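Trainee: Encoded as structure tokens, here's the structure I'll be asking about.
The values are calculated or read from the model by the stated rules, or taken from the named source; none is laboratory data. Source: prediction; values computed, not measured. Cβ: placed from backbone, ideal geometry, glycine included. Neighbour counts: every protein chain shown. Ligands, DNA and RNA are excluded from the accessible area calculation, which covers all protein heavy atoms including side chains. Shrake-Rupley method; radii C 1.70, N 1.55, O 1.52, S 1.80 Å.
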Amino acid sequence: MAQIEVKVPDIGDFDAVPVIEVLVSVGDRVEVDQGLATLESDKATMEVPSSAAGVVKEIRVKVGDEVAEGAVLAILESEADAADSETDAPLPPAGEVAAQGAAGEGGREKDRGQGNDPAGKSPQKQKQQQRQPSPPPSPASGRGGKADIECEMLVLGAGPGGYTAAFRAADLGMDTVLVERYPDLGGVCLNVGCIPSKALLHAAGVIGEAAHASEFGVDFGEPKIDLDRLRAYKDKVVGQLTKGLAGMSKQRKVRVVTGTGRFVSAHELEVQGEDGSKLVRFEQCIIAAGSQAVKLPGFPWDDPRVMDSTDALELAEVPKKLLVVGGGIIGLEMATVYRALGSDVTVVEFMDQLIPGADRDLVKPLADRLKKQGVTVHLKVKAAKVEAQKKGLKVAFEPADEGGNAPDAGVFDRVLVAVGRAPNGGKLDAEKAGVEVTDRGFIPVDRQMRTTAGHIFAIGDLVGQPMLAHKATHEGKLAAEVAAGQKREWVARVIPSVAYTDPEIAWVGLSEGEAREKGLKVGVGKFPWAASGRAIGIARTEGFTKLVFDEETGRVLGGGIVGVHAGELISEVALAIEMGAEAADIGHTIHPHPTLGESVAMAAEAYEGTITDLYMPKKK
């Protein structure tokens with residue numbers, strides 16, 4: 001077998017440049033110009049590309065080594081020989097797509113172990129478990145004849161990932177068709193998810209601010225809730241954004257087809273709409289069909305008083321007593337809204353903390369505030385039985401663990417079930433196009449978002465955790481660029497998560513809990529907002545900012561923030577991780593004062609022991 005040595009090319013006058021990242025692992029298939037390792041001199045950071053295509057048989061360097069021009073980085077088995085030994089490069093398991101550059105097989109974060117998934121199963125901390133390649137499904141035969149619509153690029157699903165993919169494909173000159181089941185573009189996120197929920201959370205926040213104002217002499221009195229006007233405000237926010245998307249699709253000449261799509265062959269999709277069915281024939285396709293709320297068995301879902309998140313956003317009424325099943329991000333955001341509107345809210349969570357996966361200290365200020373506001377929280381408890389009665393929904397509870405405690409059964413006016421989302425991959429007949437779909441409905445993809453059918457890509461919720469709109473948009477843009485012939489792959493180091501509760505909780509990268517579990521040598525810098533002039537001025541001192549650093553390199557690996565506007569602050573931490581910033585880089589960056597944002601710099605100073613706003617000398 002022909003083996004190829006990939007060497008460090010001419011890198012100028014440097015003769016001892018440290019390796020700061022190894023981007024591939026043994027067994028990876030690499031393309032020409034794909035990055036193998038990242039070097040960093042005192043003047044620049046550079047990625048060393050592969051000079052050939054093939055399979056990595058040996059890696060000759062590790063992080064910390066110093067290399068010069070001509071040093072051998074890796075040994076490849078040539079592409080032709082690799083094709084003889086394996087028919088297809090193994091794809092990562094479903095649910096680990098974000099790891100395919102963030103932490104995947106050779107991904108940038110493999111050694112750093114960074115994670116940030118709200119479900120606690122971050123792809124950055126999952127191990128890439130190789131599976132034996134299996135033959136992809138055999139595509140069905142095409143229908144032949146003339147299709148109703150023909151295009152170069154078909155995008156199935158117009159959520160944030162889908163419309164981004166469609167717009168980018170069109171910008172790159174591809175004749176693009178966008179299929180969406182909703183009458184308006186934007187998918188679940190814009191129509192019945194992220195956007196309407198944030199509009200209602202804004203209203204809840206105003207109610208809270210008005211109540212707080214009485215403490216400093218400004219009294220607005222008790223709020224009067226007009227549900228019709230509140231619904232109209234929410235719908236106006238959604239409508240403004242959907243109208244903008246419709247306009248941009250027309251500007252880009254993206255043809256929009258409304259209906260539900262199912263594959264009938266490798267290059268054909270049937271769209272069922274109100275005016276009948278249409279056959280769309282495409283050259284390439286990006287699947288962005290998203291996910292749906294999980295409906296727990298045993299609940300009377302035919303009773304409108306049992307709600308999922310979409311139902312809760314309709315604001316049919318403000319129930320006197322509301323039970324929220326699931327103490328994750330969605331459940332707690334809706335609990336925040338309904339409590340502000342006047343509901344007596346109870347939350348039951350199966351795990352031993354709210355927002356499982358986030359550091360416990362980040363969650364505590366939220367838990368304390370919910371308790372102070374009268375929200376009842378039961379941990380390690382499940383709703384075992386729901387019985388629809390005329391006077392309400394009678395719910396029986398059981399402990400999550402044998403021998404544990406559970407509250408007595410109670411009657412609630414409404415029950416909101418928010419226990420996660422399930423991918424829609426199994427509803428598309430994707431196997432007829434030669435696309436593999438797992439039993440759980442996920443679609444495995446590679447680092448270019450390709451499925452087992454090389455001309456079909458998949459992005460967003462149905463390719464794995466974390467199920468976040470901002471992850472999907474990056475994947476959508478990447479898939480469109482690859483489809484247009486550009487050399488791209490998923491290389492995001494970290495993906496931030498935000499709970500828009502009160503206070504907000506945001507985190508990114510390696511959490512302190514993950515670091516302890518892994519036995520990594522890390523240090524933590526924490527700045528309490530009780531010492532922040534800005535936080536004191538707005539009477540919201542319950543929060544803090546925390547950064548996690550690699551003790552050997554001083555680089556920031558992760559961070560978490562709890563407090564008002566935490567979601568607006570976390571991007572600085574994400575950028576710092578992406579740029580490989582050290583504590584001094586963050587601390588020496590001048591932040592405006594007084595702001596909540598300067599708490600990020602102060603957390604870095606707290607780690608270094610240079611902070612002057614508190615007496616926190618660095619421990620020897």
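Trainee: Among 449-455, 467-473, 277-283, how do they line up by average Cβ neighbours within 10 Å per residue, starting with the highest?
Mentor: Top to bottom by mean Cβ count within 10 Å: 467-473, 449-455, 277-283.
Trainee: For His565, list long-range residues whose amide hydrogen, built 1.01 Å from N in the peptide plane, is under 5 Å from its own amide hydrogen.
Mentor: Close amide H contacts, sequence-distant or interchain: Glu504.
Trainee: Based on the inverse mean of 1/r over its pairs of different Cα atoms, what is the Kirkwood hydrodynamic radius of segment 496-608, in Å?
Mentor: 13.7
Trainee: May I pose another question? On average, how much accessible surface per residue is there in the chain, in Å², for a 1.4 Å probe, leaving out ligands, DNA and RNA?
Mentor: 45
Trainee: OK, next. Cα gyration tensor of segment 306-419, axes a ≥ b ≥ c as square roots of the eigenvalues: rounded (a/c below 1.5), prolate (a/b > b/c) or oblate?
Mentor: Oblate shape, in that a/c is at least 1.5 and b/c is the bigger or equal ratio.
Trainee: Right, here's the next one. Summarise the accessible area of segment 496-608 (1.4 Å probe, protein heavy atoms) by the percent that is carbon and sulfur.
Mentor: Roughly 53 percent, rounded to a whole number.
Trainee: Can you give the relative contact order of segment 437-511 as a percent, counting alpha carbon pairs under 8 Å and 6+ residues apart?
Mentor: 21
Trainee: Can you pull the percent of segment 306-419's accessible area that's carbon plus sulfur, 1.4 Å probe, other chains left in place?
Mentor: Within segment 306-419, the accessible surface is 47 percent carbon and sulfur.
Trainee: While we're on this one: I need the phi-derived Karplus couplings for segment 421-434: 6.51 cos²θ - 1.76 cosθ + 1.60, θ = phi - 60°, integer Hz, Gly and Pro marked x.
Mentor: Along segment 421-434, the couplings run 10, 10, x, 9, x, x, 9, 10, 6, 5, 4, 5, 9, x Hz.
Trainee: Would you please report the Å³ per residue occupied by the convex hull of the alpha carbon atoms in segment 562-603?
Mentor: Considering the Cα atoms of segment 562-603, their hull volume per residue is 68 Å³.
Trainee: What shape does segment 192-315 have by the C-alpha gyration tensor, where a ≥ b ≥ c are the square roots of the eigenvalues, rounded means a/c under 1.5, and otherwise prolate means a/b greater than b/c and oblate the rest?
Mentor: Verdict is prolate for segment 192-315.
Trainee: Place the peptides 197-203, 322-328, 285-291 in order of packing, highest mean first, counting for every residue the other Cβ atoms within 10 Å and averaging per peptide.
Mentor: Descending packing order for the listed peptides: 285-291, 322-328, 197-203.
Trainee: HN-Hα J couplings of segment 328-338 from phi, Karplus 6.51/-1.76/1.60, θ = phi - 60°, integer Hz, Gly and Pro as x?
Mentor: Once θ is set to phi - 60°, the couplings for segment 328-338 become x, 4, 5, x, 6, 5, 5, 4, 4, 5, 5 Hz.
Trainee: Still on this structure, please answer the following. Could you give each residue of segment 489-500 its phi-based ³J(HN,Hα) in whole Hz, using Karplus coefficients 6.51, -1.76, 1.60 with θ = phi - 60°, and x for Gly or Pro?
Mentor: Going residue by residue, I get 8, 6, 10, 5, 6, 9, 10, x, 10, 9, 9, 8 Hz, with x marking Gly and Pro.
Trainee: Moving on. Under the rule that a partner needs its Cβ under 4.7 Å from the first Cβ, which Cys of the chain have none?
Mentor: Lacking a cysteine Cβ partner under 4.7 Å: Cys151, Cys285.
Trainee: On a 1.4 Å probe surface of the protein chains, which of Lys224, Lys432 comes out largest in accessible area, and what is the full order?
Mentor: Correct descending sequence by accessible area is Lys224, Lys432.
Trainee: Which option, (1) 66, 27, 24; (2) 41, 35, 22; (3) 50, 28, 19, is the value of semi-axes √(5λ) of the Cα gyration tensor in Å that was calculated from these coordinates?
Mentor: (2)
Trainee: While we're looking at this one, here's another question. Let me have the 222 nm mean residue ellipticity of the chain computed from DSSP H runs of 4+ only, each contributing -39500 (n - 2.57), with the sum over all residues rounded to the nearest 500.
Mentor: Here the helix-only value at 222 nm equals -7500 deg cm²/dmol.
Trainee: 5 Å is the cut-off here: which amide hydrogens, built 1.01 Å from N in the peptide plane, fall below it relative to Arg414, excluding neighbours closer than 5 in sequence?
Mentor: Residues meeting the amide H criterion: Lys321, Leu323.
Trainee: Right, next: Evaluated at 37 °C with a viscosity of 0.692 mPa s, what Stokes-Einstein diffusion coefficient in µm²/s does segment 3-78 have when Rh comes from the Kirkwood expression over alpha-carbon pairs?
Mentor: 271
Trainee: Normalising by the residue count of the chain, find the relative contact order in percent from Cα pairs under 8 Å and 6+ residues apart.
Mentor: Relative contact order of the chain: 14 percent.
Trainee: Which order do the peptides 157-168, 205-216 come out in when sorted by mean C-beta neighbours inside 10 angstrom, highest first?
Mentor: Output ranking for 157-168, 205-216: 157-168, 205-216.
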